[in-house]
Structure formats: C-alpha cells, structure tokens
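Novice: Got a structure for you, written out below as structure tokens; questions coming shortly.
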Amino acid sequence: MRDMRFAKINVRVRDLDAAYAYTRDVLKAELLREKNNTPFGDMFLVRLGGLIIEVLAPDAPDSNLAKIIATRGEGIDSIGYYVDDTAAAADALKGNGARFSSVDERLAWVHPKNPLSLSIELMNSNLVKLVPED
C-alpha cells in the first residue's frame, strides 16, 4: 500500500532490563521512552541509526506475550506502519487477502499466521504518535 509509512519494529525479549542495558551501554541507542508498562507488557522505545525499536517483555509469567515467547522465541515480533485511516488501510489489505486479529480506529493488526510469520501493526497517524512532534 502506498500510504503506509514505516514507524517502528517491535522486538520481544524475556529480560527487559538486560535489553535496556544493552541498547543503552553497548549500542548507545537514543532513548525515546523510558521503561513503562503497557497492555502488551513492559516496554521501552529507542532510536538506533534512524530506526525506531520498541522492546517488549512479559509483565507476568502467564501473559500473552510470555506465551508467544515460549512458543515462538525472542526476536522481531512485528513491524509498525503509520496510515492515515486505519479502517481503510485494513479494508484494502483484506481485499488483497490479509487476515486481521484486530481492527479499531487507532490500531489494526495483521494476523501473524501469514507467509512472513509476522504481525504487521497499522497505526492511525492522526491518533498514535511514537515520538512527540517538534
């Protein structure tokens, strides 16, 4: 789709503190958002070489993210794109054969059971901002 603009990569890890220390001390990544808790788990956000990376870790041993890591392992979880209209972008991809695990006004998630084995996150650029605008 032409109106999808790259936003971020989501990476799942078991140990958020170790990932945080590595990105800070070894990679010298720019911290964009401190460690905090989200509905998906604990996370932080960095910029490394122009790439925005959201690092997610389970906040409980029985969380959905913990279950995903147990079955699929750590690593790249999803790629996020900005779109102007989440529903329209989802409808266009559905018309091409994509399946979605959820769609709402803010976010839409392409189901990871696809040939890329990867979730694709569509974020409404009018409602979701990863980094505050200058």
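The values are calculated or read from the model by the stated rules, or taken from the named source; none is laboratory data. What you see is a predicted model, and the numbers here were worked out from it, not measured in a lab. Backbone-built Cβ (ideal geometry, glycine too); neighbour counts: all protein chains shown.
Novice: State yes or no: is Leu65 outside any strand (DSSP E or B), under 14 Å from the mean Cα position of the chain (by Cα) and at pLDDT below 95?
Specialist: Here the answer is yes, as Leu65 does meet what is asked.
Novice: A further question follows. Considering region 76-98 alone, what residues qualify as being surrounded by 12 or more Cβ atoms within 10 Å (Cβ to Cβ), out of contact with any Leu (no Cβ under 9 Å at 6 or more places or on another chain) and of a type in the set (S, T, N, Q)?
Specialist: none
Novice: Now for a separate question. Pick from region 99-132 the residues that are more than 24 Å from Leu32 (Cβ to Cβ), touching a His at 6+ places or on another chain (Cβ under 8 Å) and not basic (Lys, Arg): which of them is surrounded by the fewest Cβ atoms within 10 Å (Cβ to Cβ)?
Specialist: This residue is Ser101.
Novice: Now for a separate question. So which of Leu122, Leu45, Leu116, Leu51 ends up being of a type in the set (A, V, I, L, M, F, W, C), free of Cβ contacts under 8 Å to residues at least 24 places away in the same chain and out of contact with any Gly (no Cβ under 6 Å at 6 or more places or on another chain)? Steps first, answer last, please.
Specialist: Numbers: Leu122 fails: free of Cβ contacts under 8 Å to residues at least 24 places away in the same chain; Leu45 fails: free of Cβ contacts under 8 Å to residues at least 24 places away in the same chain; Leu51 fails: free of Cβ contacts under 8 Å to residues at least 24 places away in the same chain.
Matching residue, one of Leu122, Leu45, Leu116, Leu51: Leu116.
Novice: Next question, about the same structure. Phe44 is checked against (1) among the hydrophobic types (A, V, I, L, M, F, W, C); (2) in a strand (DSSP E or B); (3) within 15 Å of Pro112 (Cβ to Cβ) and fails just one. What number does that condition carry?
Specialist: The failed condition is (3).
Novice: To continue, here is another question. Can you confirm whether region 68-89 contains a residue that is under 12 Å from the mean Cα position of the chain (by Cα), at pLDDT below 95 and not in a strand (DSSP E or B)?
Specialist: no
Novice: State all residues of region 82-119 that are in contact with a helix residue (DSSP H, G or I) (Cβ under 8 Å, 6 or more places away or on another chain) and closer than 22 Å to Gly50 by Cα; if no residue qualifies, say none.
Specialist: Scanning region 82-119 gives a single hit, Val83.
Okay, residues lined up against (1) in contact with a strand residue (DSSP E or B) (Cβ under 8 Å, 6 or more places away or on another chain); (2) on the phi > 0 side of the Ramachandran plot; (3) buried (at least 20 other Cβ atoms within 10 Å of the Cβ):
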{"residue": "Ala19", "(1), (2), (3)": "yes, no, yes"}
{"residue": "Glu30", "(1), (2), (3)": "yes, no, no"}
{"residue": "Pro39", "(1), (2), (3)": "no, no, no"}
{"residue": "Asp42", "(1), (2), (3)": "yes, no, yes"}
{"residue": "Leu56", "(1), (2), (3)": "yes, no, yes"}
{"residue": "Ser63", "(1), (2), (3)": "yes, no, no"}
{"residue": "Glu74", "(1), (2), (3)": "yes, no, no"}
